[in-house]
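Take a look at the structure set out below.
Derivation of every value follows stated rules applied to the coordinates shown; laboratory data play no part. Predicted model, so just to flag it, every value in this text is computed and none were measured. Note: ideal-geometry Cβ built from the backbone for every residue, glycine included; neighbour counts use all protein chains shown.
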Amino acid sequence: MSILVAGPEPITDRRDLVAALERGNKPRDEWRIGTEHEKFPFCINNLTPIPYGGDHGIRAMLEGLTRFGWRPIYEGENIIGLESEGAGNISLEPGGQFELSGAPLETLHQTCAELHDHLAQVKEVGGEHGIGFLGLGFTPNWRRDEIPVMPKGRYKIMTEYMKKVGTMGLDMMYRSCTVQVNLDFSSEADMVKKLRVGIALQPVATAIFANSPFTEGKPNGYLSYRSHVWTDTDNQRSGMVPFVFEEGFGFERWVDYALDVPMYFVYRDGKYIDATGQSFRDFLEGRLPALPGEVPTQGDWNNHLTTLFPEARIKNYMEMRGADGGPWARICALPAFWVGLMYDQSSLDAAYDLVKDWTAEERQALRDGVAKHGLHTPFRGGTLLDVARRAVAISRAGLDARDNGDGVGASEAIHLRTVEEIVERGKSPAEDLLDLYHGRWGGSVEPVFKEFAF
């Protein structure tokens, strides 16, 4: 989750909220790629989760990374993240999941170079503390009560609220990992087309990157259990947002959606004030029970937008949110898939043509089925694999059209190769994990910590 933004500019009316989104419009030559990925830290000796404190805990890990120029971010006396000028930030998810929120970069080659630098850093520091990192969508064998809680005030508030609004919100917080990519748009019309493509094709990304078939040491009956968890986390702020496909959709309609999502908190003077279930509309009018008489700032609005969790969402950019965390080789593949679809106009038009006549019921059926069936999810007389192969071909054409080389002859399409192999075989990564579990691993999930660690 994003490190909080604390902007002082007051908001006086709804138009200010719309204008904040409109400021995300950028000319094509300023479009960038921002990749975020989470990973599970674990004790190499006994494969257990890593606590925050202690000589070899999460805090020590964060302190060790400062040797590379990262600056600590504190909440009270606790380091809860790192930042670096021009290099994005590192933040902690509720159960200690390490997240790199990468810098906005021009090419996929730069994105992969950033990821490799990060890998070298965390392996160096982690090795000194006996900490490894696992790329999976869901913890393969840890119970929720075994996972330490990170000392961030927002997570305390969210933990209590999640118990009231769904059955699996705590699993989402403490036991799941994702990879996502953040992309730009040039105008409201461009945002609308990209968001519709992103929402409609998100089940394709979920299937291609499905990587969470185990829970507490055994197969759970799903290929992406992380995706399943989101179906009953907090349905007021997640899902397929069907209004995005309605005539007239634009920034104003997204603002209305965000205003109707209940708040979690307000951040003041380094502390979190519980505002769970309260209305941002009331906040605009100075009637928020948690802060009576106060009106929100731009920072409050930015923070509220980070608490919306649909399959794709917009802020000053667009986030694709449907993929499981995975091993290092697949992290670059997720942004490659979406950049190929979104950043070449011909490919974006082709992707839109692919999905434009899908009904809300069809999109929802794909979302409902993909967690369990992956690429085999039924769709229009065939399966989602048919759609995935077409989408990947469109993405490849888009990357080729961008014509960004790495200086030694490789185009950006090289980063899509992992995805192409998955759809060529018609088999999600989770199915390979299940084959290993029932075969060479002899009914144990523990080998995953060795074979799929970074």
(message) Helix-only mean residue ellipticity at 222 nm, the chain, DSSP H runs n ≥ 4 weighted -39,500 (n - 2.57), per residue, nearest 500. What is it?
(response) -12500 deg cm²/dmol
(message) With N set to the number of residues, divide the alpha-carbon radius of gyration of the stretch 23-68 by 2.2 N^0.38 Å and report two decimals.
(response) 1.89
(request) Would you please classify the overall shape of the stretch 46-115 from the alpha carbon gyration tensor, given that a ≥ b ≥ c denote the square roots of the eigenvalues, rounded means a/c under 1.5, and beyond that prolate means a/b larger than b/c while oblate covers the rest? (result) prolate
(message) If you filter the stretch 225-254 for GluC sites (Glu not before Pro), then keep DSSP loop positions with at most 12 other Cβ within 10 Å, what is left?
(response) Glu246, Glu247
(request) With a ≥ b ≥ c taken as the square roots of the eigenvalues of the C-alpha gyration tensor of the chain, please select rounded if a/c is under 1.5 and otherwise prolate if a/b is larger than b/c or oblate if it is not? (result) rounded
(message) What's the longest uninterrupted piece of the chain once you rule out the trypsin sites (Lys or Arg not before Pro) that are loop residues per DSSP with at most 14 other Cβ within 10 Å?
(response) 144-355
(message) Among the listed pairs Lys26/Lys271; Lys123/Lys163; Lys39/Lys372; Lys193/Lys315; Lys218/Lys427; Lys315/Lys427, which have their C-alpha atoms separated by more than 26 angstrom in this model?
(response) Lys26/Lys271; Lys123/Lys163; Lys315/Lys427
(message) Let's test the formula: R0 of 22 Å, r as the Cβ-Cβ distance of Asp16 and Lys156. What FRET efficiency results, to the nearest 0.05?
(response) 0.15
(message) Just want to confirm a number: the relative contact order over the chain, from Cα pairs under 8 angstrom separated by 6+ residues, in percent.
(response) 21
(request) Quick one: order Leu119, Leu366 by neighbouring beta-carbon count within 10 Å, fewest to most. (result) Leu119, Leu366
(request) Sort out for me the Cα centre separation of the stretch 266-331 from the stretch 47-89, rounded to whole Å. (result) 23
(request) Give the calculated FRET efficiency between Val295 and Ser186 to the nearest 0.05, with a Förster radius of 30 Å applied to their Cβ-Cβ distance. (result) 0.40
(request) Could you tell me what % of all Cα pairs in the stretch 1-140 have separations over 28 Å? (result) 28
(request) Quote the Stokes-Einstein diffusion coefficient, in whole µm² s⁻¹, for the stretch 253-397, based on the Kirkwood radius over alpha carbon pairs, a temperature of 20 °C and a viscosity of 1.002 mPa s. (result) 118
(request) Binning at 10 Å from 0, report for the stretch 400-446 what percent of all alpha-carbon pair distances ends up in each bin. (result) 23, 30, 24, 16, 7
(message) Percent of Cα-Cα pairs more than 14 Å apart in the stretch 139-216, please.
(response) 74
(message) Apply the a/c threshold of 1.5 to the C-alpha gyration tensor of the stretch 189-284 and tell me whether it is rounded, prolate or oblate.
(response) oblate
(request) Consider just the alpha-carbon atoms of the stretch 335-377 and return their Rg together with their Dmax, both in angstrom. (result) 12.5, 33
(request) Considering Cα pairs under 8 angstrom that are at least six residues apart, work out the relative contact order of the stretch 331-427 and quote it in whole percent. (result) 40
(request) Quick one: grab Rg to one decimal and Dmax as a whole number for the stretch 335-441, Cα atoms only, in Å. (result) 15.8, 47
(message) What is the sum of charges, Lys and Arg at +1 and Asp and Glu at -1, for the other residues whose Cβ falls under 15 Å from the Cβ of Pro447?
(response) -1
